[in-house]
Structures are given as C-alpha cells and as structure tokens.
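Heads up: the structure comes next, in structure tokens.
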Amino acid sequence: MTVMVPSRTPALITPGRQALDSALHQLHQAAEHLGLDDGLRAMLATPRRSLTVSVPVRREDGRLDVVQGFRVQHNISRGPAKGGIRFHPSTDLDEVTALAMWMTWKCALVGIPYGGAKGGVAVDPATLTTRELERLTRRYVNEILPLIGPEKDIPAPDVGTDEQTMAWIMDTYSVNAGYSVPGVVTGKPMTLGGSLGRAGATSRGVQIAALAALGRSPEGVTVAVQGFGKVGALAAQYLADAGCTVVAVSDATGAVHASGGLDVVALRAWVAESGGVHGYRGADAMERDELVELDVDLLVPAALENVITEENAPRVRARLIVEGANGPTTPEADEILAGNGATVVPDILANAGGVIVSYLEWVQNMQAYSWSAKEVELKLRDLMESAYDEVRTLATDRGLTLRQAAHAIGVGRVADAHRMRGLYP
Ligand code: GLU
C-alpha cells in the first residue's frame, strides 16, 4: 500500500487538515530518507486509536450545550501514549491527529519512553465560567476514560488548558479508580504531585534550543515572539534573561514593538492584569501580522499552527526561527525559508522541554518521590542539548534541514521499535 500525501490547496482546506497534511508530508520525507517499506509507512501514517466523543455541558442558565471532543493515540510502540489536551474552538480530529503524530516523533527524538497522543475539545474556554469549564473537563475525561491511565496514555496541558484542568482530570480519574492516581496526568499543581520546573519547561527548552542554534553570545540578538501566552511569554523572559533584546511580541489582542527592547517583566505584569498585550504603554502598537516579517535575528512562533506560510515566508527576515508552537511553519514555507538561508529549529525539538519535564514528573509520581528544581533543570538541559547535537550532526552530515534531520531520527526510532517488536499475530 502506498501512503497518499494529499495535494495541498490551502484555500480549500481547514487549518486542521493543513496541519495533518504537513505532518504527513514530513513523515513521507523521513520515510524516503530512511527507505521505509510501504507497510511501515502506512502504520506510521495512521493513528493506532482515535476516539471522537460528544460532551454535554450544563451551562449556568440551565441550557445544555454539546461540544465535540477527541483523543488520538498515534503510536504506542515505544511506551504509553503521551500528549496534551487542547481546548480551542477550531480544534478537530485532523488537527488532533497531526498533533498526536508530532508527539510520537518528539518523544522518540528526545529519547523518552513514550508514544504520541493528543486530545482536544472544540470549545473556547474564555466563553465558559470556571464551573462550566470544570463540568466540561470532567465529562470529557469521563468519555475518554477507557483510553487513559498512567501506563496507557498520559494527558498534559496544551493550548487553552492549565494546571487546574490537570487537577480536575487527576481527580476525575482517581475518583473512578477509588484511589489517588497522580501519574495519570502531568502538568499538575505541585500539591497534587506536579514537578518543579514543569510550568516553565517548554519555554526553558525553547531558550536552550535557541541559544544552542545561535552559536554565539546572545548579547544584542534581537527577538520577536509571536504568541505571548503560556509558552511565548516565559520564552521571551528567559531569552531576555540570557541577554537577548526582545523587541516585539504579539497575542490574540494585538502586538507591541520597542526597537530598544521591551521590558518583559513589566509587559507580563500588564498582561496578567489586563488579559493581553493590547494597550501596553511601554511600547508602540503594531499590526499583529507584521510581527513575523520584522527585521530581527530570532523569530519565535509560540502560538498555533500554519503561521508561516508560502504567502508570508518570502518576507520573513529573521535568520533563525525557533518553533515554540507545534506546526507553525508549513512545508511550502519551510522550503522558502531554507532557500533563503534561514535556519528553522523545528517544533519536535524546540518545544520538547514540556514533554521532557512531563516525563520527569511522571517518573517522580511512579516512584512517589520528588526531585529538586536543580535536578529537574539539569536533566531537561541534558536531554535538550543531546537531542539538539544529534539533530545538528545528522543535518550537517547528510545535508538535511534541522526539521528533516529531527524527523529522520524520530521516525527512525519508532520504525526500529516496530521492527524489533514484530507484528502480532
Ligand atoms: N502539549 C505539550 C506539547 O505539545 C506537552 C505535552 C506533554 O507534556 O505531554 O508538547
């Protein structure tokens, strides 16, 4: 059987379909490079399990709304399925499948013993009260209960979910089990078995990857961050702490720019108070769409998929792009950026800090033990830097982009696991 890579007609396809097309395209390239046979390609191109559920939610005024939820386990050959849960109005099965596939390669690339999964609920959490959000979360978890478990599939935060969501998931699962099961979910609050360093882990990983890729002193390096949210705001902070000059950031409310550098601490305080960067007085307002085209050294897309496309890629001036988000660059944009000599540190490497510290949290939970912040950070740094070095070496040796090299390593490890295990029956 030959795996079909769908034709790409962006105007006609949903963002989720576009993300899945990108993921399949990257897999196809890696499979070509590795010389995988058609059967193995088909295994890797299709999720092992996909569940779509309808989630009824009782609203405060007594109305009943029904929203769609998903959990996809793309691959479980190297260990339990692992990946976040996203609450976003435009999430769909295609998007969740793409994100689950990227989780598989990410875990394999950084050498943690997990397969890949993702969950999603097609809802805008900002439109719900806290109690509605809690009811929605608990009911969604109840619907996907047969799939999850500390040895089966371990959710975590993603876009639109946080520590509180993880606490409700842990509680719902534990009440059903009849005892506390902290290892069923990562990214929990510290009081429920969360890990020191997990909250900032993805951003710390972005900083580590960016500094490794810069290969020079960060002093004077100008940075633009698209998406000043959970990942982007702390990535901006850590990059500024390292000596970079963060000149522009954007979020759903707007974008701000200061050529001499933003005061990231003050901006984060403003966002905590007002809900977004819009209206921040310490910088000039700018068009959100212009941010990715700014004349900066380093661009960090840290929000959603399909942000750098064939349309705007020719105008991207940053020489280094470090992907805090999953899937922010389309394959067409990748080619344009590579042709223009820009380096892209791909998502499955650059944002792996989150799942690395999720793994460390899970290991602590399974041993009923906890590590110091220093121990966690050292392990994170070690795994990130070794993965970066492996990717860089393969890219240089074989004349690949960092994304091609990262996928070749990740896909190759999963393919090896399949070969060694063999097929049952
Ligand atoms: N949602 C994050 C990601 O995309 C973290 C997943 C996890 O910690 O399991 O990598």
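Residue pairs whose Cβ atoms lie under 9 Å apart, separated by 6 or more positions or on different chains, with the first residue in segment 207-224 and in a strand (DSSP E or B) and the second surrounded by fewer than 19 Cβ atoms within 10 Å (Cβ to Cβ), are Thr222/Ser259; Thr222/Gly261; Thr222/Asp295; Ala224/His257. Of everything in segment 225-251 that is of a type in the set (A, V, I, L, M), free of Cβ contacts under 8 Å to residues at least 40 places away in the same chain and outside any helix (DSSP H, G or I), the residue that is surrounded by the most Cβ atoms within 10 Å (Cβ to Cβ) is Val246. Out of curiosity, is Arg131 more than 12 Å from the ligand (Cβ to nearest atom), under 25 Å from Glu60 (Cβ atoms) and exposed (fewer than 15 other Cβ atoms within 10 Å of the Cβ)? Considered against the rule, which asks whether it is more than 12 Å from the ligand (Cβ to nearest atom), under 25 Å from Glu60 (Cβ atoms) and exposed (fewer than 15 other Cβ atoms within 10 Å of the Cβ), Arg131 comes out as yes.
Of the residues Ala122, Ala100, the single one that is within 16 Å of the ligand (Cβ to nearest atom), in contact with a strand residue (DSSP E or B) (Cβ under 6 Å, 6 or more places away or on another chain) and in contact (Cβ under 8 Å) with a residue 12 or more places away in the chain is Ala100. Exactly one residue among Asp94, Asp158, Asp124, Asp171 is surrounded by 20 or more Cβ atoms within 10 Å (Cβ to Cβ) and either more than 23 Å from Gly354 (Cα to Cα) or more than 14 Å from the chain's Cα centre (by Cα) (or both), and that residue is Asp94.
For the residues Val307, Val363, Val355, the requirement of being at pLDDT 95 or above, under 30 Å from Glu151 (Cα atoms) and surrounded by fewer than 24 Cβ atoms within 10 Å (Cβ to Cβ) singles out Val363. All told, Glu32 meets the bar of being part of a helix (DSSP H, G or I), more than 12 Å from the ligand (Cβ to nearest atom) and either more than 18 Å from Lys152 (Cβ to Cβ) or not charged (D, E, K, R) (or both). Among residues belonging to segment 111-127 that are of a type in the set (Val, Ile, Thr) and in a loop (DSSP other than H, G, I, E, B), point out the one that is farthest from His407 (Cα to Cα). Applying the filter and picking the extreme gives Val123. Listed here are the helices (runs of 4 or more DSSP H) enclosed by segment 334-425 that have at least 1 residues being among the aromatic types (Phe, Trp, Tyr): 353-367, 373-398. Among the residues examined, Ile321 does not qualify as under 19 Å from the mean Cα position of the chain (by Cα), outside any strand (DSSP E or B) and either among the β-branched types (Val, Ile, Thr) or within 16 Å of the ligand (Cβ to nearest atom) (or both). Test Asp65 against the stated conditions and say whether it is away from the ligand (no atom under 16 Å from the Cβ), on the phi < 0 side of the Ramachandran plot and in contact (Cβ under 8 Å) with a residue 24 or more places away in the chain. When the stated conditions are applied, Asp65 does not pass them. Screening segment 158-187 for residues that are more than 15 Å from Arg86 (Cα to Cα) and part of a loop (DSSP other than H, G, I, E, B) and picking the one that is nearest to the ligand (Cβ to nearest atom) gives Val181.
The values are calculated or read from the model by the stated rules, or taken from the named source; none is laboratory data. These numbers were taken from a predicted model, which means no experiment stands behind them. Because the Cβ atoms are built from the backbone with ideal geometry, glycine has one as well, and the counts that use them run over all protein chains shown.
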